[in-house]
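Worksheet for the structure shown next.
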Amino acid sequence: MPNFFAIGDLLASILLAILPRRISDRIKQNTSPLSVYVLRESMKLKCDKPRMTKFEGVFATLLFDLALFGTSNPVINGIIYLFTTIQNSWDTPFKNEAEAEHSITEFCHRLDIQQKPWIWEKAPSKYASLNDFFSRTYKDDHFPRLGAGKVIAPACCTLQVFHHDATMKSVLIKGCKYDIDRIGLPKEDLKSYAKHQVILGYLSPSDYHRIHSPITGSCIHCKLEEEASLSASVKFFGGKFNILNKNKRLVIVLETNEGLRVALVIVGGVGVNTITYENVVGKEVQKGQELSAFRAGGSAFAMFSTKPLSMVKELIEVADRARGDHVEVQVGETLAGTPKAPLHGIVDK
């Protein structure tokens, strides 16, 4: 199996050496460590979270951050299609268990995925392909414990929290014609979704890539939007690509017994040609129940609600600062509705 990481690094180094300084400086900025607050460590500031590899940085900066080839034309569409085709090679079966163990170990080392102790459900040698490992799950005794709150993190990811849709647009989504009306949310609740908190989560390629239900409730809507779309990178929500309106995405709406509706918009990024899911409309879904999984590449989600949520104070403070701070969370961590507080009721800014 070709060593795509080594080939990618070589190409990236060559490009960095010949690109104009303005562009190479932007690439270096995008590949520098990200400062994040860690929710499970009392909002400890961590300044060494990797943003992306060198090859990712060159590719994503040129195509999606700076959008040097535009956002919708035969050239950029062809490039995204080619990249998706390359990503599909992750489905190529390993020839034997020795190749599987070597490839998975290298993949983990490259993306800083935990290896000791081994917390994943199969031994490295037992995975059939890179994509089989990419969509891995935990061993039963290593799955993160679900928080006691009514609303939990649906994924292992980096969050940004905004008091409402208008704040997200003013702080983050500035470079495109994004409109909440075109996400695919049910029309009858759009005004409610727009005026309450928005939680935006980014899953890096190194993260666990399964999405779980943030609440217990009945599923009243489940639909895949832009199924044939050539999705852009989800690393740059503030850029020219209209990610929440144009990328392939799965829209799921859950309703609690108290009448709160939570909409989870699960967004595929570049190279993510598959979002696997079961249509559970009409069924009761438990908090923490698996809803979907991604295959190959970074991805994201946006979470909206029809009523204001009683978020944990750390996230309220992040939203109050209104500067797009990043918060690292594990799947299952409490985001809102703690045992000592109601599920909804704070006053939005």
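I'm told Lys248 meets every condition in (1) open to solvent by 30 Å² or more (accessible area, probe 1.4 Å); (2) under 24 Å from Arg136 (Cβ atoms) except one. Can you identify the failing condition by its number?
(1)
Are any residues in region 136-155 of a type outside the set (Asp, Glu) and open to solvent by 10 Å² or more (accessible area, probe 1.4 Å), and if so, which ones?
Once the filter is applied, which keeps residues that are of a type outside the set (Asp, Glu) and open to solvent by 10 Å² or more (accessible area, probe 1.4 Å), region 136-155 yields Thr137, Tyr138, Lys139, His142, Phe143, Pro144, Arg145, Leu146, Gly147, Ala148, Lys150.
Go through the residues of region 282-305 one by one and say whether even a single one is at pLDDT 95 or above and over 24 Å from Ala148 (Cα atoms).
The answer is yes; a qualifying residue exists.
Please list, ordered by first then second residue, the pairs with beta carbon atoms under 9 Å, 6 or more apart or interchain, first in region 35-61 and under 17 Å from Thr158 (Cα atoms) and in contact (Cβ under 8 Å) with a residue 60 or more places away in the chain, second assigned to a loop (DSSP other than H, G, I, E, B) and open to solvent by 90 Å² or more (accessible area, probe 1.4 Å).
Pro50/Asp112
I'd like to check which helices (runs of 4 or more DSSP H) are fully inside region 127-206 and have at least 2 residues that are under 30 Å from Pro93 (Cβ atoms) and without any contact (Cβ under 8 Å) to a residue 60 or more places away in the chain.
Here the list reads 130-134.
Residue-wise test of (1) open to solvent by less than 30 Å² (accessible area, probe 1.4 Å); (2) closer than 20 Å to Ala232 by Cα.
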position: Lys54; (1), (2): no, yes
position: Gly57; (1), (2): yes, yes
position: Phe64; (1), (2): yes, yes
position: Leu82; (1), (2): no, yes
position: Thr85; (1), (2): no, yes
position: Asp91; (1), (2): no, no
position: His109; (1), (2): no, no
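Check Leu264 against each of (1) at pLDDT 95 or above; (2) under 26 Å from Lys191 (Cβ atoms); (3) over 14 Å from the mean Cα position of the chain (by Cα) and name the one condition it does not meet.
(3)
Which numbered condition trips up Leu172, out of (1) closer than 30 Å to Lys54 by Cβ; (2) aliphatic (A, V, I, L, M); (3) open to solvent by 50 Å² or more (accessible area, probe 1.4 Å)?
(3)
Residues to consider are Lys126, Lys116, Lys95; find the one that is closer than 20 Å to His209 by Cβ and among the charged types (D, E, K, R). Break it down stepwise before answering.
Details: Lys116 fails: closer than 20 Å to His209 by Cβ; Lys95 fails: closer than 20 Å to His209 by Cβ.
Result of the check over Lys126, Lys116, Lys95: Lys126.
The values are calculated or read from the model by the stated rules, or taken from the named source; none is laboratory data. Being a predicted model, the structure only gives us computed values, none of them experimental. FYI the Cβ positions are ideal-geometry reconstructions off the backbone, even for glycines, and counts take in every protein chain you see. Note: accessible area is taken over every heavy atom of the protein model, side chains too, but ligands, DNA and RNA are not part of it. Shrake-Rupley method; radii C 1.70, N 1.55, O 1.52, S 1.80 Å.
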